[in-house]
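Working notes, structure below.
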């Protein structure tokens, strides 16, 4: 399912993208099952449109796709890596590309970081690291990494120990939120996470 609007949400096809800062946004699992703008019984509205619009605030091209139900994370990560590599081949600076993933989308971003193995591409993991990363001791990530998680969230925890498996990581920063909103902290484009995320991207992308 594709959604297009003035904020430029489109499928993962890079040929039409201009050479500017590019953000890929990978949504959480609930949208696969319930569609765009779902309402969770505990966490409330998942404002997909609002999040994509917020990520465009600094003028970036935001690329997102509503995934099919039960999308396989590793397979989708391979598709994403192919698109990133094509984007770089056509002239985009690797340091101007950022992959932002929340929950299952964050897991896809983790796999993409591992598969891409590019030290200049940027990755943002939102509530992405749970016990599953410990189950694969060979899994490592590469690039510039920002992790943001919510202190009250029992599903997405700190990524620090996982990211530090690679002692040659380009850069790593982690932010702990205290909203009390659990996993739902990332269901809305709250300033508490969108503003530091965009500031980090702007800082990393400086030549």
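Determine which member of the set 182, 151, 168 is surrounded by fewer than 16 Cβ atoms within 10 Å (Cβ to Cβ) and in contact with a strand residue (DSSP E or B) (Cβ under 8 Å, 6 or more places away or on another chain).
151
Here's the yes/no breakdown for (1) touching a helix residue (DSSP H, G or I) at 6+ places or on another chain (Cβ under 6 Å); (2) crowded, with 24+ Cβ neighbours inside 10 Å; (3) modelled with pLDDT of 95 or more; (4) assigned to a loop (DSSP other than H, G, I, E, B):
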position: 79; (1), (2), (3), (4): no, no, yes, no
position: 85; (1), (2), (3), (4): no, no, yes, no
position: 92; (1), (2), (3), (4): no, no, no, yes
position: 100; (1), (2), (3), (4): no, yes, yes, no
position: 107; (1), (2), (3), (4): yes, yes, yes, no
position: 112; (1), (2), (3), (4): yes, yes, yes, no
position: 123; (1), (2), (3), (4): yes, yes, yes, no
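Residues of the range 125-141 being over 13 Å from the mean Cα position of the chain (by Cα) and buried (at least 20 other Cβ atoms within 10 Å of the Cβ), which ones?
133, 141
So, in the range 53-70, exactly how many residues are without any contact (Cβ under 8 Å) to a residue 40 or more places away in the chain and either surrounded by 19 or more Cβ atoms within 10 Å (Cβ to Cβ) or in a helix (DSSP H, G or I) (or both)?
0
Is it the case that some residue within the range 43-58 is more than 19 Å from residue 126 (Cα to Cα) and within 15 Å of the chain's Cα centre (by Cα)?
No; the residues of the range 43-58 include none that is more than 19 Å from residue 126 (Cα to Cα) and within 15 Å of the chain's Cα centre (by Cα).
Can you tell me how many residues within the range 43-52 are touching a strand residue (DSSP E or B) at 6+ places or on another chain (Cβ under 6 Å) and part of a helix (DSSP H, G or I)?
1
The values are calculated or read from the model by the stated rules, or taken from the named source; none is laboratory data. What you see is a predicted model, and the numbers here were worked out from it, not measured in a lab. Cβ atoms come from the backbone with ideal geometry, glycine included; neighbour counts cover every protein chain shown.
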